[in-house]
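A.B. asks: My questions all concern the structure below.
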Amino acid sequence: MSSQDFDKDPNRVEDKVENTVNEFAGEAQKQFGDFVDSPKHQLKGAARKYSAQASEAVSDVADKIKENPLSGLIAAGAIGVVLGLLLGRK
């Protein structure tokens, strides 16, 4: 993302920072769980970390679709066709 994109959408900067903080916090919680041998903390930390990564990936895809809506529409159609074929099999 270029600096011009941040100028257009300051909320995007806030989302990126929040996702990065959550990713690091999740990793810290996971490592704490490893240290104290707590599966509960390990699982919660991993979930927080991967949730932040997924949120960032979704934001990046949304930005790309905003830049080029036709490619997003084509990709969505292709995914729909593949899922239709897979779910239609018996």
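The values are calculated or read from the model by the stated rules, or taken from the named source; none is laboratory data. Keep in mind the model is a prediction, meaning the values are calculated, not measured. No Cβ is skipped: glycine too gets one built from the backbone with ideal geometry, and neighbour counts run over all protein chains shown. Note: accessible area is taken over every heavy atom of the protein model, side chains too, but ligands, DNA and RNA are not part of it. Shrake-Rupley method; radii C 1.70, N 1.55, O 1.52, S 1.80 Å.
A.B. asks: Out of D63, D15, D37, any idea which swings most in a Gaussian network model of the chain, alpha carbons joined below 10 Å?
C.D. replies: Largest GNM mean-square fluctuation: D37.
A.B. asks: Rounded to the nearest Å, what's the spacing between the alpha carbon centres of segment 59-90 and segment 39-55? Just the number, please.
C.D. replies: 27
A.B. asks: Let me ask you something else. Computed FRET efficiency, Cβ-Cβ of E18 and K64, R0 22 Å: what is it to the nearest 0.05?
C.D. replies: Given R0 = 22 Å and the Cβ-Cβ separation, E is 0.65.
A.B. asks: Now, a different point. Cross-link list K16/K44; K16/K66; K44/K64: which exceed 26 angstrom alpha carbon to alpha carbon?
C.D. replies: As for pairs spanning more than 26 Å Cα to Cα, those are K44/K64.
A.B. asks: Let me ask something additional. Out of the total accessible area of the chain (probe 1.4 Å, heavy atoms of protein only), what percent is carbon and sulfur?
C.D. replies: Answer for the chain is 63 percent, counting heavy atoms of protein chains only.
A.B. asks: Can you match Rg/Rh (Cα atoms, Kirkwood Rh) to one of these, (1) 1.16; (2) 0.95; (3) 1.12, based on a calculation from the structure here?
C.D. replies: From the options (1) 1.16; (2) 0.95; (3) 1.12, the structure gives (1).
A.B. asks: Which whole-number value in Å² is the accessible area per residue of the chain, probe 1.4 Å?
C.D. replies: That works out to 77 Å² for each residue.
A.B. asks: Hey, another quick one. Check D9: other-chain or 5+ apart residues with amide H under 5 Å from its amide H, H built from backbone geometry?
C.D. replies: Placed amide hydrogens put nothing under 5 Å from D9.
A.B. asks: Running a GNM on the chain with Cα contacts under 10 Å, which residue among V17, V58, V36 ends up with the highest mean-square fluctuation?
C.D. replies: V36
A.B. asks: If you don't mind, there's one more thing I want to ask. So if I place +1 on the C-beta of Lys and Arg and -1 on the C-beta of Asp and Glu, and nothing else carries charge, what would the dipole magnitude of the chain be about its Cα centre? I want it in debye, nearest 20.
C.D. replies: Result for the chain is approximately 600 debye, rounded to the nearest 20.
A.B. asks: Could you identify which residue out of S59, S51, S38 has the top mean-square fluctuation in a GNM of the chain using Cα springs shorter than 10 Å?
C.D. replies: Judging by the Gaussian network model, the answer is S38.
A.B. asks: Mean separation of Cα pairs under 8 Å and 6+ residues apart, divided by the residue count of the chain: what relative contact order is that in percent?
C.D. replies: 21
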